[in-house]
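The values are calculated or read from the model by the stated rules, or taken from the named source; none is laboratory data. Treat the numbers as computed from the prediction; the structure is a model and nothing was measured. Cβ placement follows ideal geometry from the backbone for every residue including glycine, while neighbour counts extend to all protein chains displayed. What goes into the accessible areas is simple: the full protein's heavy atoms, side chains included, and nothing from ligands, DNA or RNA. Shrake-Rupley method; radii C 1.70, N 1.55, O 1.52, S 1.80 Å.
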Amino acid sequence: MEDPTDTLIDTTATTLTKLSIEDVQAKHRKERKELQAKIQELKKNAPKSDKKKRKEVLEETAKLEANLEARQAEELKKAEAEINANTAAECNEKSPVDNNKQPQQRISKAQKRRDKKSREARQREEEIKAAVKETVFAPKAVEYRKLVDKLEKRNLALHDIPSDGDCLYNAVRHQLQQHGLGSHNIQELRHETANYIHANKDTLLPYMTNPQTGDLLNDAEFEKYCDDVRNTAAWGGQIELKALSTILKVPIEVIQADGSPTIQGAEEFGGAPLIITYHRHMYSQGEHYNSTVELTGWEGEENDEN
């Protein structure tokens with residue numbers, strides 16, 4: 001039968017743990033809310049025309065968030081350690097000890113539950129810190145920052161295109177609208193692209209390989225390739241860019257995070273190029289294309305305020 005003294009100690013310690021942990025968590029929620037308000041104020045006060053200042057603000061907000069997460073994790077860890085120490089001290093004071101014998105350490109079920117809860121809380125905080133670090137240095141985030149920096153130097157900003165097999169055609173379509181060059185729909189662009197590839201088989205086939213074998217496409221595979229371009233949401237790449245540039249009679253420039261931009265049709269056609277971006281890491285399903293717009297303000301600021 002369990003000693004009533006142990007039961008009283010366990011109940012008191014559990015209440016103390018619950019209240020203390022809840023107080024710390026409430027304090028952390030308040031701090032996170034205050035930090036978000038501070039971040040909003042920093043963004044509002046950054047001049048829209050000062051690209052360097054905007055970049056500094058983005059870096060500062062990321063650092064503030066990471067520091068807060070790390071500090072809160074340490075505070076929670078210390079609070080749990082103090083609670084466990086106080087509980088152990090209370091148990092020693094209220095438990096009779098024979099001076100001729102070493103006191104036996106009894107770990108109650110309630111203490112085991114508290115220890116388990118403490119371990120789980122520390123693990124969660126470690127996962128949070130790891131997630132913050134991963135978010136900042138993940139390939140997707142690094143690639144995004146490089147692209148934004150390159151575009152800002154040209155007074156441009158990213159324009160998001162839906163992540164589907166039509167992203168290349170949608171990006172080109174958006175650019176055509178930006179330049180006042182017609183209102184082609186996706187199906188028209190795909191149809192004309194497939195026709196161009198089919199008509200220029202001898203020129204393009206040496207660059208077309210089977211992704212599974214690495215061999216050049218045979219006649220049947222080439223026909224299926226053209227049919228997929230025309231009738232499915234097949235992803236477009238370099239060959240489709242070449243086709244679109246020729247069909248539309250306009251240069252198409254592709255900016256990527258690493259390396260110099262590539263331009264299709266620069267020698268054949270005059271005028272300002274359509275400017276799109278290429279992403280290797282933006283989405284898990286594979287490569288992606290976005291469009292661009294002129295940089296007139298801080299894109300996304302209105303959403304931050306909502």
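Structure values in brief
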item	result
Residue list for the range 207-226, restricted to those being part of a helix (DSSP H, G or I) and touching a Leu at 6+ places or on another chain (Cβ under 7 Å)	F222, Y225
Single residue of the range 263-296 satisfying the filter (on the phi > 0 side of the Ramachandran plot and not in a strand (DSSP E or B)) that is modelled with the lowest pLDDT	G271
The range 135-160: number of residues that are in a loop (DSSP other than H, G, I, E, B) and open to solvent by less than 40 Å² (accessible area, probe 1.4 Å)	1
Pick from the range 216-271, criterion aliphatic (A, V, I, L, M) and free of Cβ contacts under 8 Å to residues at least 40 places away in the same chain, ranking: surrounded by the fewest Cβ atoms within 10 Å (Cβ to Cβ)	A220
Residues being at pLDDT 95 or above and not β-branched (V, I, T) - total across the range 230-247	8
Scan of the range 161-200 for residues that are assigned to a loop (DSSP other than H, G, I, E, B) and in contact with a Ser or Thr (Cβ under 8 Å, 6 or more places away or on another chain), ordered by number	I161, G165
